[in-house]
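Beneath this line is the structure, given in structure tokens, with notes to follow.
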Amino acid sequence: MSWEASAPSNIALIKYMGKSDPNSNRPSNASLSYSLENLRTNVLLKKLSNSQVDTWNSVVSEKIPEAGKTKFLKHLAMLKERFDVRECFEVSSENSFPHSCGFASSASSFAALTKTFFLALKSLKNQDVTLQQMSALSRLGSGSSCRSFFSPWAVWQSEGAESVDLPYKNLIHVAVVIESVPKEVSSTEAHRRVDTSLLQKDRGFRAERRLESLVSLMKDENWKGCFETIWQEFWDMHALFETSFPSFGYMTPDSLSALKILKEGWQKDGDGPWVTMDAGPNIHLLFRPDQSMLLQDYQHRLGQFKLLVEGSLRNV
Ligand code: DP6
């Protein structure tokens, strides 16, 4: 018997950075994300008949770092214990997007594992849980994964995420791939370190204010106002990194050159994509469908970089 499910990654426009409870990944502030339907993880759980332990499928296993594999099996063990599932499984997990881009996403992989586990639970024990409960349980594996259950917009306050009805439901996602090597400071470590920054003291206040204003700007379809808020928000998070002790950062000279091109583009055109960055050097852009000409322009303007447009590589 086997079960399979997939989940999208998501990009936060108001960021989850800092935890009020690190043991259960409770965030210090609310966050808002857009789901990235073309950056997905697919998980397959195969029931093992002669095993007392969960294992990794040997073919996919080679591509995943040891620490990631251990964290994944730990999440599965936690779910099994909570729902008293005694069966053991072979786990496979694969991303839908190219390996070479450094977008190994804990959000899509933990959400897909959680979803697949609940498919198995339904067929093994005829037990159901709601999407909200699934999201809250996924959070225990990796915080940002709880937003991957709701599409396109999700807001996460504390327990699990929920769907939020906002305009701009069909945005085009472009990633500027600056570097694809694994980062030195993981996002879990970043959450820990930002507690040492003096800026973290008022971070909750700033994030909540921005969330409120972003939602209202979106409802007014004020695209430029949204861009400004989203821009301020990712710089706020990166300032937390640089003002932590010990200080750390993800921006590379190439990240800064690409950001300069984007900023100058906005100044010249009075329009442009929304721009954000996670805990890494890569840059995420969101375009409206009616900006397809501008998107083409940006493929030239950013021609020196590897671009991932809706999950497919361009200008390699
Ligand atoms: C910068 O969800 O990866 O992407 O809960 O420790 O697994 P853990 O952290 P993770 O943090 C993601 C942080 C972020 C911002 C965001 O997605 O909101």
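Of note:
- Per residue, the accessible area of region 47-157 comes to 47 Å² when a 1.4 Å probe rolls over the protein heavy atoms.
- The angle between the Cα long axis of helix 292-301 and the longest principal axis of the Cα atoms of the chain comes to about 80 degrees, rounded to the nearest 10.
- Farthest toward the positive end of the dipole of region 29-131, out of Ser92, Thr130, Ala112, is the Cα of Thr130, where the dipole comes from beta carbon charges about the Cα centre.
- Panel values: region 155-198, Kirkwood radius from alpha carbon pairs, Stokes-Einstein at 4 °C and 1.567 mPa s, translational diffusion coefficient 88 µm²/s.
- Rule-of-thumb Rg ratio for region 166-297 [Cα; 2.2 N^0.38 Å; N residues]: 1.11
- Magnitude of the charge dipole, region 204-315, Cβ model with Lys/Arg +1 and Asp/Glu -1, debye to 20: 200
- Rel. contact order, % - alpha carbon contacts under 8 angstrom, at least six apart, region 1-135: 33
- When the pairs Lys15/Lys201; Lys224/Lys268; Lys201/Lys224; Lys47/Lys80; Lys19/Lys80 are compared against a 20 Å limit on Cα-Cα distance, Lys201/Lys224; Lys19/Lys80 fall above it.
- Whole-percent carbon and sulfur share, accessible surface of the chain, 1.4 Å: 51
- Whole-Å distance, taken between Cα centres, linking region 41-71 and region 112-179: 21
- For the chain, the longest principal axis of the alpha carbon atoms and the long axis of helix 66-82 meet at an angle near 60°.
- Considering only the chain, percent of DSSP beta bridges that pair antiparallel, nearest 5: 95
- Thr188 sits with roughly 50 Å² accessible to a 1.4 Å probe, with DNA, RNA and ligands left out of the calculation.
- Our coupling estimate for region 15-31, obtained by passing each phi through the Karplus curve with A = 6.51, B = -1.76, C = 1.60 and θ = phi - 60°, is 8, 8, 8, x, 10, 7, 9, x, 5, 10, 6, 7, x, 6, 8, 6, 9 Hz, Gly and Pro reported as x.
- Contour excess over end-to-end distance, with Cα ends at Glu159 and Glu62 and 0.36 nm allotted per residue: 31.5 nm
- For region 190-202, backbone phi angles converted through the Karplus equation (6.51, -1.76, 1.60; θ = phi - 60°) give residue-by-residue couplings of 4, 4, 5, 5, 5, 4, 8, 7, 5, 5, 5, 4, 9 Hz, Gly and Pro being listed as x.
- Annotation: Cα Rg of region 108-162 relative to the compact-globule expectation 2.2 N^0.38 Å equals 1.07.
- Here's the picture: a label point sits 7 Å out from the Cα of Leu199 along the beta-carbon direction, and within region 218-234 the residues with their amide nitrogen under 14 Å of it are 231-234.
- For the chain, alpha-carbon Rg over 2.2 N^0.38 Å: 1.00
- Per-residue SASA remark: Tyr34, around 10 Å² accessible (1.4 Å probe; ligands, DNA and RNA not included).
- For region 109-118, Karplus couplings with θ = phi - 60° (6.51, -1.76, 1.60), whole Hz, Gly/Pro x: 6, 5, 5, 5, 5, 4, 4, 5, 4, 6
- In a simple Cβ point-charge model (Lys, Arg +1; Asp, Glu -1; nothing else charged), the chain has a dipole of about 480 debye relative to its Cα centre.
- Using C-alpha pairs below 8 Å separated by at least 6 residues, the relative contact order for the chain is 21 percent.
- With respect to the chain, whose longest principal axis is taken over its alpha-carbon atoms, helix 223-242 is tilted by about 70°.
- Cα principal axis extents for region 1-158, largest first, Å: 46, 36, 26
- Dipole of the chain computed with +1 at Lys/Arg Cβ and -1 at Asp/Glu Cβ about the Cα centre; of Asn42, Phe287, Gly141, farthest Cα towards the positive end is Gly141.
- Directionally averaged shadow of region 243-290, computed from the convex hull of its alpha-carbon atoms, nm²: 4.2
- Cβ-derived FRET efficiency at R0 41 Å, Leu256 paired with Asp220, nearest 0.05: 0.85
The values are calculated or read from the model by the stated rules, or taken from the named source; none is laboratory data. None of these values were measured; they are calculated from a predicted model. Because the Cβ atoms are built from the backbone with ideal geometry, glycine has one as well, and the counts that use them run over all protein chains shown. These accessible areas exclude ligands, DNA and RNA; they are computed on the full protein's heavy atoms, side chains included. Shrake-Rupley method; radii C 1.70, N 1.55, O 1.52, S 1.80 Å.
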